[in-house]
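Report on one structure; see the data block that follows.
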Amino acid sequence: MADLTRHPVLAEEALLGLLLPFWQLVIGAFVLAVLVLSVGRLVRRGPSRMTTALLICAAAIAGFTVVGVLLGS
């Protein structure tokens, strides 16, 4: 009789592996929708708000990149 407690069930890992890209797509779609709505609102508010928003976004991107590199090391 084989001992099944030592090895994980590969079918469960394969199923999660197939579902992972779907959830990434759903999250990406929501992020894209919010981004489009917020950019539209910023454009209506004027250039001074756009400059501030772009600087904040650039700082956030740089910060996330630094954190990602530090955690990836």
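The values are calculated or read from the model by the stated rules, or taken from the named source; none is laboratory data. Just so we're clear, the structure is a prediction, and the values are computed from it rather than from any experiment. Using ideal geometry, Cβ is built from the backbone for each residue, glycine included, and neighbour counts are taken over all protein chains shown.
Table for the structure above
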read-out	value
Residue match in region 9-19 (condition: modelled with pLDDT under 80, surrounded by fewer than 10 Cβ atoms within 10 Å (Cβ to Cβ) and part of a loop (DSSP other than H, G, I, E, B))	yes
Residues of region 25-73 classified as among the small types (Gly, Ala, Ser) and over 14 Å from the mean Cα position of the chain (by Cα), total	11
